[in-house]
Amino acid sequence: MADSSAKVKGVQPNAGKTGHPDNAPIRTGKTLALNWPFGLSLLKAIVLLSVVVLSTELVLRIPVVRRQLPPPVLGTGNLTFDVTWEYLQRTRGLYGHVDCMFVGSSMIKHAIEPELFQKRFREKSGHDIVCFNFGVSGMRSSEAGFYKSMVERYHPSLIVCELTPLILYKGFLENQKSPLISQSPWGCFQLGKFSVKGWLLTHSLLFRYFMRLNMWIRSPSQYERLKRISRNMKMDGFLVKGHGRIGKKKRNPVLNRVKATLSGKVENTQALEDLLDVFSENVPVVFLEMPLKGEDGSFRGEEDRKFSLSRVLLRKVVEERGYVLFSPGEQTDFDKSCWMSINHLNPQGAKRFTPVFADALANALSTGRLEYFGGNR
């Protein structure tokens with residue numbers, strides 16, 4: 001009777017006993033419903049983060065905003081290249097084009113002031129051009145092809161390529177030990193070798209600024225050098241002054257190597273031939289012989305015995321190949337106050353060297369030695 005009464009009242013006989021299947025939680029679709037709010041919050045966070053990242057990226061790409069920010073980092077190992085590349089993007093964004101690109105090492109970086117060149121060339125030829133100094137400290141001759149491919153993507157009307165008698169000396173080439181830009185993640189991506197980091201460095205300004213933040217955290221000395229390079233470079237690529245060394249002043253090993261190089265013998269012209277081959281296709285190119293410091297600071301052509309043989313050989317090879325070479329150093333009066341080192345002019349030297357070359361180029365165009373390489377845009 002007890003069992004019957006329990007049933008009548010709707011109470012199960014085993015109610016309250018543990019471990020019975022009747023006491024187990026009933027698993028239904030409601031379990032999924034309980035977890036969904038967490039999944040929804042995560043999805044909202046991802047969407048919000050994506051919107052913030054994309055918005056920041058777009059804001060960084062606004063030309064006016066971009067020009068006000070410090071240069072980001074490409075991670076190439078050459079801070080001068082990183083800053084120069086960023087300033088090239090800003091110059092092109094400001095004018096919409098770049099007509100004339102100066103390409104070479106720190107020698108042309110220090111020697112040519114684009115703003116002054118543009119002004120002088122306009123006065124002498126009547127044509128407006130936009131110029132950029134793509135000289136990169138430590139540029140290796142072996143990477144000339146890579147630099148040319150980077151320059152050509154901006155379709156300049158003329159490339160002015162640096163030449164120096166130093167390229168004829170084996171010792172000078174052996175001492176080019178700066179990082180290879182083409183082997184960095186960014187450089188490899190430019191050459192068609194895909195990597196996630198290379199893609200981000202190429203397409204994301206936000207990621208490049210993250211790289212700058214990472215440098216600030218991990219390498220304060222490198223970060224300070226980056227800031228110094230940025231301050232000392234104009235948006236047209238010209239150096240305001242030498243970058244110098246961070247910390248205590250030490251003997252300049254580069255200067256000593258150049259002096260040792262010039263005391264040796266000219267080896268062969270193969271490196272020069274290779275350079276001429278690289279910069280002689282697709283885009284009109286002229287070559288510019290960089291001055292070297294003489295005994296009294298002046299550069300007087302063949303009168304300076306220290307460099308005469310290498311200069312003669314350099315010009316002979318270029319002439320035989322049929323290329324146009326300018327040597328404005330012969331017509332420029334340099335004194336000791338114009339030099340930063342044996343193969344680098346300072347801003348005062350650049351102010352003397354630049355207009356002489358601008359006049360020579362304008363004269364070559366007006367006399368038909370060169371065809372006009374651009375137009376007023």
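Scan the range 132-152 for residues that are aromatic (Phe, Trp, Tyr), over 10 Å from the mean Cα position of the chain (by Cα) and crowded, with 24+ Cβ neighbours inside 10 Å and the total you get is 1.
Which ranges mark the helices (runs of 4 or more DSSP H) fully within the range 160-227 that have 2 or more residues being in the same structural domain as residue 287 (by TED's automatic domain parsing) and either over 30 Å from residue 282 (Cα atoms) or of a type outside the set (Lys, Arg) (or both)?
170-174
Counting only residues that are assigned to a helix (DSSP H, G or I) and either within 30 Å of residue 174 (Cβ to Cβ) or in contact with a Ser or Thr (Cβ under 6 Å, 6 or more places away or on another chain) (or both), the range 120-154 holds 12 of them.
Return the only residue of 289, 320 being within 27 Å of the chain's Cα centre (by Cα) and at pLDDT 75 or above. Only one candidate passes the filter, namely 289.
Return the residue satisfying two criteria in turn: it lies in the range 76-109 and is within 11 Å of the chain's Cα centre (by Cα) and of a type in the set (D, E, K, R), and of such residues it is surrounded by the most Cβ atoms within 10 Å (Cβ to Cβ). Looking at the filtered set, the residue picked out is 82. Being outside any helix (DSSP H, G or I) and closer than 22 Å to residue 232 by Cβ is not true of residue 117.
Annotation: of all residues in the range 358-368 being among the hydrophobic types (A, V, I, L, M, F, W, C) and within 17 Å of residue 157 (Cα to Cα), the one that is surrounded by the most Cβ atoms within 10 Å (Cβ to Cβ) is 361. Checking every residue in the range 157-167 against the condition of being of a type outside the set (Lys, Arg) and over 19 Å from residue 327 (Cβ atoms) gives at least one match. Residues that are surrounded by fewer than 17 Cβ atoms within 10 Å (Cβ to Cβ), farther than 13 Å from residue 293 by Cβ and in the same structural domain as residue 158 (by TED's automatic domain parsing): does the range 334-344 have at least one? No; the residues of the range 334-344 include none that is surrounded by fewer than 17 Cβ atoms within 10 Å (Cβ to Cβ), farther than 13 Å from residue 293 by Cβ and in the same structural domain as residue 158 (by TED's automatic domain parsing).
The values are calculated or read from the model by the stated rules, or taken from the named source; none is laboratory data. Note that the coordinates shown come from a computational prediction; the quantities given were computed from them, not determined experimentally. As a convention, Cβ positions derive from the backbone with ideal geometry for all residues, glycine included, and neighbour counts pool all protein chains shown.
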